[in-house]
Amino acid sequence: MSSLPSDVTSVPRVLLRSGRTSYEFVRSLGSAHHGELVLTRRRYDWDFAGFAVLKRPLPAEAGAAHRLLEEGRLSAQLHHPNLVAVHHVKGPDDSPVLVFEHTPGHRLDALLEASSRAQLPFSEGFALYVTAEVADALHHAHCLTDESGRALQVVHRDVGPHNILVTEHGAVKLLDFGAAWSRLRGRVATNGTDLPGSLAYAAPEHVAQLGLDARADLFGLGIVLLQLLTGRHLFEGADRFDAEARRRRERVLAQDSVIHEHALGAAMREAVSLAATNELKSRILAYSLEDLDEATRAVPAALMPVVRRALAPDRGQRFTTAAELARALREQLRRTNPSFGRAEALAELAGLRYTALRVSAGESPEEATEDRLLPEDDTAA
């Protein structure tokens, strides 16, 4: 009797059934706003029909199911090539589960980390291409209306490298509208002092809890542009703080609400985290033109006006719309590298990943990036 393939060792765990389609658990992809992301194998009448990503509510988070339903209702109205499509909202026992398209690729925060480790900066073309594509996605979301034509005034509220994906085909996707604000009917207002989204990419008016509009998202995208161009965050160290905060959320999800054995140590870590959060909030609220001058010293002169306008402390001095920012970015791209697109982005990422792997294997960044040429053949004609 022939043995089963090595990857089929047990009965598949079906997470969701919808008509004749079932979704089998493959692996967890970590947490996101109000939910856990799970990679699933989609089958139609037992035939493989590709992969999909499920987002299901976190059981320990109060109101997570309702928030997830809000995200599904909003995401279902977004249709843009630079946004991940949601197929439908489904779930047992009135518990919503979002089904998203599966788009293999690399998150920008991981690419920034690889760039830093390999000491291999991104090209201006890559920086302009990625941020212009995200700006297009934001403009689509910001202009969204409901079925009666009423403006929903969507604000993503979490534009950062952790929510930007470069796919295996070189496309750019903006992810996760779980923290978004909108005028969607039936939406429950956000209460409390905790900011939705990443503090490291929050605009000053967001931290001050003032009314938000599209310009708050453009500020976060401006920080991303600055990082791609210079390797530096607007608020030095804020990106590391943000990454550690996400790792803590991942650990909480993995523990599945199990009580910590070392409660005192956990309490101390929480106190340190709170102090770091308050210090970063103070820095953002005190952000000034002098801070902008210091942070943009390494920005190429031709790009300085765009970066400074995107990161203006006073939102009245920023770009008015994401479309306006996208036009400015593409104008610079046409001047410097008009042919830059998906193929060029993929080629750059291939070189970055190759170099980063060599550095991880023990080579110095200098050794990993130097050209390895074959010795010249003196007998060649």
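The values are calculated or read from the model by the stated rules, or taken from the named source; none is laboratory data. None of the values given here were measured: they were computed from a predicted structure. Cβ sites come from the backbone with ideal geometry, for glycine too, and all protein chains shown count toward neighbours.
Observations
- Looking across F340, F319, one residue alone is under 30 Å from L289 (Cβ atoms) and surrounded by 13 or more Cβ atoms within 10 Å (Cβ to Cβ). It is F319.
- Condition met for L292 (of a type in the set (A, V, I, L, M, F, W, C), under 27 Å from F235 (Cα atoms), over 23 Å from the mean Cα position of the chain (by Cα) and not assigned by TED's automatic domain parsing to the domain that holds P81): yes
- For the residues A356, A350, A361, the requirement of being modelled with pLDDT under 95 and in contact with a Leu (Cβ under 8 Å, 6 or more places away or on another chain) singles out A356.
- Applying the set (1) over 17 Å from E344 (Cβ atoms); (2) assigned to a loop (DSSP other than H, G, I, E, B); (3) modelled with pLDDT of 95 or more to L138 leaves exactly one unmet item: (2).
- Residue within the stretch 57-72 that is assigned to a loop (DSSP other than H, G, I, E, B), free of Cβ contacts under 8 Å to residues at least 12 places away in the same chain and more than 20 Å from G186 (Cα to Cα) present: no
- Hey, V130 surrounded by 17 or more Cβ atoms within 10 Å (Cβ to Cβ) and not in a helix (DSSP H, G or I) or not: no
- Here L78, L54 are screened, and the one residue that is outside the structural domain of C143 (by TED's automatic domain parsing) and in a loop (DSSP other than H, G, I, E, B) is L78.
- Scope the stretch 187-246; condition modelled with pLDDT of 75 or more, aliphatic (A, V, I, L, M) and more than 16 Å from L112 (Cα to Cα); matching residues: L195, L199, A202, A203, V207, A208, L210, L212, A214, A216, L218
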